[in-house]
Amino acid sequence: MTACMSGQSAMPLSDKKRYISNDMPQHAQNENTSNPHNVQHAAIDAYLGSVSKLRSNFFCKGVDSFLKRIIVGMSGATGQIYGIKLMQHLRSIPDVEIHLIMSEWAKKTLLLETDWTVEKVEQLADQVHPIYDMAASVSSGSFPREGMVVIPCSVKTLSAIAHSYNDNLIVRTADVTLKERKNLILAFRETPLHRGHIRLMSEVSEAGAIITPPVPAFYNNPRSLDDIIDQTVFRIIDLLGLPSEHSRWEGPLFTVIK
């Protein structure tokens, strides 16, 4: 891991927004335009290439203890793009180190829903931990962390966390995050809900987790699907106590006359 050189200030968030933009570079637009999937793959490759260069300016050796470590768990529910977008935005924040855990069904769902490959998603993280590596660093309470986000969070994963059924690394790490009194955010992706789902959410909430379903807001006047996804992701970044730049409600622009 490398960081900003001594005396060199980190790039402000406003200057980094282009690295997480969904607008692909012109050279990518000109390649394989006859096939939309080829265009999307070219955009992903261009993004990963540009952001890796930006990332190298964020860190320097010898300051690992000051890193804000965020653990991202991606379970097999629909909505894999939420996990991808979260890591894209986290990468734009200086001194954040991303640890990724993907379940086997997350990898399969990813291929069904998006043009991303597992390998390219893993490139968004600073460290990737296998789902059944119960000896991974993140499985221990001695591993410092700012918080963990399970996004998307399936019913099975929610149930396992609620009952401390630590049979894989996502659940074990979530359980540790709770016992260490760190932020655990669950982007529970299921609807409609029956009584069992609601009970599970109540149990994990009582244990200290934050339930954050990916429910869209419209006060920001979204113009695209990406705007809707980003609004949920930015709210999660807020809950982690990290800086984010997004539309916030500031009250109506008119005066109510009684």
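The values are calculated or read from the model by the stated rules, or taken from the named source; none is laboratory data. This one's a predicted model, so the numbers in the text were calculated from it and none came from an experiment. Note that each Cβ is placed from the backbone with ideal geometry, even for glycine, and that neighbours are counted across all protein chains shown.
Considering only residues that are surrounded by 10 or more Cβ atoms within 10 Å (Cβ to Cβ) and of a type in the set (S, T, N, Q), look in region 227-258 and name the one that is modelled with the lowest pLDDT.
It comes out as Ser247.
Kindly indicate which of Pro192, Pro214, Pro152 is outside any loop (DSSP other than H, G, I, E, B) and either free of Cβ contacts under 8 Å to residues at least 12 places away in the same chain or at negative phi (or both).
Values: Pro192 fails: outside any loop (DSSP other than H, G, I, E, B); Pro214 fails: outside any loop (DSSP other than H, G, I, E, B).
Going through Pro192, Pro214, Pro152 in turn, the sole match is Pro152.
This table checks each residue for (1) assigned by TED's automatic domain parsing to the domain that holds Gly79; (2) exposed (fewer than 15 other Cβ atoms within 10 Å of the Cβ); (3) under 22 Å from Thr114 (Cα atoms).
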position: Arg195; (1), (2), (3): yes, yes, no
position: Arg199; (1), (2), (3): yes, yes, no
position: Glu203; (1), (2), (3): yes, no, no
position: Val215; (1), (2), (3): yes, yes, yes
position: Tyr219; (1), (2), (3): yes, yes, no
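The set of residues in region 111-160 being hydrophobic (A, V, I, L, M, F, W, C), farther than 20 Å from Ile98 by Cβ and touching a Leu at 6+ places or on another chain (Cβ under 7 Å) consists of Met134, Leu158.
Of everything listed in (1) under 18 Å from Ile81 (Cα atoms); (2) more than 19 Å from the chain's Cα centre (by Cα); (3) among the β-branched types (Val, Ile, Thr), the single unmet condition for Val204 is (1). Out of the residues in region 211-236 that are of a type in the set (A, V, I, L, M) and touching a helix residue (DSSP H, G or I) at 6+ places or on another chain (Cβ under 6 Å), state the one that is farthest from Lys179 (Cα to Cα). Result: Ala217.
Residue count for region 155-175 satisfying the condition of being under 17 Å from Ile210 (Cα atoms) and in a loop (DSSP other than H, G, I, E, B): 2. Summed over region 95-139, residues that are touching a residue at least 24 places away in the same chain (Cβ under 8 Å) and assigned to a loop (DSSP other than H, G, I, E, B) total 15.
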